[in-house]
Amino acid sequence: MLGTIRVSGAKNAALPAMAAALLTDEPVTLENIPQVRDIETTRKLLAAMGAEVELGYGRAQHRTTICARNLTSPEASYELVKQMRASSLVLGPLLARCGRARVSLPGGCAIGARPIDLHIKGLEQLGAKITQDHGYVEATADRLKGGEISFEKITVTGTEDLLMAATLADGESVLHNCAREPEVADLAELLNKMGALIEGAGTPTIRVKGVGKLHGAKHRIIPDRIEAGTFIIAGALTGGDMNIAGCEPAHLDVLIAKLHEVGVKTAQSADTVRVMGDGPFKASDIITQEYPGFPTDMQAQYMALATQAEGTSVITENIFENRFMHVSELMRMGANIRIEGRRAIVRGKTPLSAAAVLASDLRASASLLLAALVAEGESIIDRVYHIDRGYEHIEEKLKGVGAQIRRIGEILPKKAAAPSRV
Ligand code: EPZ
């Protein structure tokens, strides 16, 4: 693949930023919003509460303005939460702004149980009264009170949820063992533009001085480091010379360092990573960790590369208990992988052959797409609605750098989703 591919805004920064708009009755304008399915689900979620959500189009298609002046029902229904568990990000903002919130529990997901107990515990430590009933979390608080919270486990959306809640609490809050993902720091930047008093975002300890009211703001969402990482691996696997433009290379340090170990050649400039050459690749182990460790959201894509590396790569998934759904599909394409608990042992280099495969979750589907780019023949990836949740127009972007990929049939509702040929 040759040429330049542009990275969109980060889904995992856009979702909490849209939830943050619930904290004020003034308009919040967000730029660089990716056109992915989860954004559409969030728009529906906020609109169902009474917020005005204007999604830009044409030249403004990556902009959205949200005004939550009249929140008529501070509720996130099961119908929407089951489509996107990140909907639980509205719990803290609704409680802080309206003094009450009713949010469906997300339930399990393909990659793990993913409870929100740490969100609930944290809000209780800020004085909220929380009950669970009929699959819903019911939370009330006259006004949240600043407090000290230590997360038992590092949680990205848990940190974001409590950060948003603490901005309108009475007094100072100190959050310990926080997630340090760039998306957390980006949210704090937006909140401070809205008048919040936050220090330490991006570090394990965040201090928040509560304020009485927040105001509107404009903010540009950071680039999607996982989309960028996916394209870097696509370039490496297909032996091209590609520029992955509009990304933040500093957010990709650990991934790029690992790829250098494997034998991938890259060069970087302010907002671009160039990937060159096609190996040979040598096997190297990874262990997924919280940021700045190796991201779990790149584990499946890295596994596709490991199938083309000489030797044995041991991939340990430490964040989610069930994030190897892509393994059996990669094996259908001829990969040599054995699972032992949280470890996948990948032996390479194994030539891959095209097959009809099934996507099970967002990053698993990206892994299958990468494998199909180097498999002999034409593969069909089914249930690509998973990939549309987090990758903007991925087939058009890849076609732009020479991939032979096309979507078969229209984007239809889940049940009737048409397969895609690669
Ligand atoms: C965020 O999910 C991302 N989603 C995920 O990206 C990402 O995989 C994950 O962080 C880890 O980096 C968004 O930002 C919208 P966690 P989140 O809370 O916040 C356990 C993608 O592909 N936990 O950091 O839900 C949990 O089960 C998605 O874009 C609790 O036990 O993940 C997991 O094992 C997938 N109780 C671990 O902590 C809680 O209350 C980390 O989860 C919360 C989490």
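Write down the accessible area per residue of the chain in Å², having rolled a 1.4 Å probe over the full set of protein chains.
About 40 Å² of surface per residue is accessible.
What is the projected area of the convex hull of the Cα atoms of segment 204-332, averaged over all directions, in nm²?
10.6 nm²
Would you kindly derive the ³J(HN,Hα) couplings of segment 396-402 from the backbone phi angles with the Karplus curve 6.51 cos²θ - 1.76 cosθ + 1.60 (θ = phi - 60°), listing them in order in whole Hz, with x for Gly and Pro?
5, 4, 5, 4, x, 10, x
In whole percent, and with a 1.4 Å probe on the protein chains, what portion of the accessible area of the chain is carbon and sulfur?
Reported share for carbon and sulfur atoms: 50 percent.
With every protein chain left in place, what is the accessible area of Thr42 in Å² (1.4 Å probe, nearest 10)?
My reading of the accessible area for Thr42 is about 10 Å².
Amide H of Leu358 versus every other amide H placed in the peptide plane: which residues, excluding those fewer than 5 positions away on the same chain, fall under 5 Å?
Asp382
For a protection proxy built on the mean count of beta-carbon atoms within 10 angstrom, sort 177-190, 386-399, 45-58 highest first, please.
177-190, 386-399, 45-58
Can you give me the long-range amide H partners of Gly56? Hydrogens built in the peptide plane at 1.01 Å from N, cutoff under 5 Å, separation of 5 or more residues or another chain.
So Gly56 has HN proximity to Arg63, Thr64, Thr65.
Using Cα-Cα distances under 8 Å and only pairs 6 or more residues apart, what relative contact order does the chain have, in percent?
Relative contact order comes out at 14 percent.
Using the C-alpha gyration tensor of the chain, what are the square roots of 5 times its eigenvalues, in whole angstrom, with the largest one first?
The three semi-axes for the chain are 37, 22, 21 Å.
Sequence gap of 8 or more, or different chains, plus Cα separation below 21 Å: how many lysine pairs satisfy both in segment 80-202?
So the count works out to 4.
Karplus couplings for segment 110-125 from phi (6.51 cos²θ - 1.76 cosθ + 1.60, θ = phi - 60°), rounded to Hz, Gly and Pro as x?
4, 9, x, 5, 6, x, 10, 4, 6, 5, 5, 4, x, 5, 5, 5
Output the Kirkwood hydrodynamic radius of segment 259-397, Cα pairs only, in Å rounded to one decimal.
15.4 Å is the Kirkwood radius here.
Using modelled backbone amide H atoms (1.01 Å from N, in-plane), which distant-in-sequence or interchain residues come within less than 5 Å of Thr155's amide H?
Result for Thr155 returns Ala179.
Counting only C-alpha contacts under 8 Å and six or more residues apart, can you give the relative contact order of segment 319-376 as a whole percent?
36 percent
Please work out the Kirkwood hydrodynamic radius for segment 35-127, using every pair of different C-alpha atoms, and report it in angstroms with one decimal place.
It works out to 14.3 Å.
If you take the C-alpha gyration tensor of segment 52-98, multiply each eigenvalue by 5 and take the square root, what semi-axes do you get, largest first, in whole Å?
23, 15, 9
In Å, the Kirkwood hydrodynamic radius of segment 118-251 over pairs of distinct alpha carbons?
16.5 Å
Taking the chain as a Gaussian network, where each spring joins two C-alpha atoms under 10 Å apart, which residue of Val90, Val254, Val264 fluctuates the most?
Ranking Val90, Val254, Val264 by mean-square fluctuation puts Val254 first.
Nearest 10 degrees, 0 to 90: what angle lies between the long axis of helix 225-237 and the longest principal axis of the chain (Cα atoms)?
That works out to roughly 0 degrees.
At q = 0.13 Å⁻¹, what log₁₀ I(q)/I(0) does a Debye calculation on the Cα points of segment 104-179 give, no solvent, two decimals?
Values, matching the q order: -0.38.
So what J values fall out for segment 72-82 if you push phi through Karplus, 6.51 cos²θ - 1.76 cosθ + 1.60 with θ = phi - 60°, rounded to Hz, Gly and Pro as x?
These are the phi-based 3J(HN,Hα) values: 7, 9, x, 9, 10, 6, 4, 3, 8, 5, 5 Hz.
Among Met325, Gly240, Ile256, which residue has its Cα positioned farthest towards the positive end of the charge dipole of segment 232-381, with +1 placed on the Cβ of Lys and Arg, -1 on the Cβ of Asp and Glu, and the dipole taken about the Cα centre?
The residue sitting farthest along the positive end of the dipole is Met325.
What share of the DSSP beta bridges in the chain is antiparallel, in percent to the nearest 5?
Taking every DSSP beta bridge within the chain, about 65 percent pair in antiparallel fashion.
The values are calculated or read from the model by the stated rules, or taken from the named source; none is laboratory data. In this text the structure is predicted, and so the values were computed from the model without any measurement. Reconstructed Cβ throughout: ideal geometry from the backbone, glycine too, with neighbour counts over all protein chains shown. Ligands, DNA and RNA are excluded from the accessible area calculation, which covers all protein heavy atoms including side chains. Shrake-Rupley method; radii C 1.70, N 1.55, O 1.52, S 1.80 Å.
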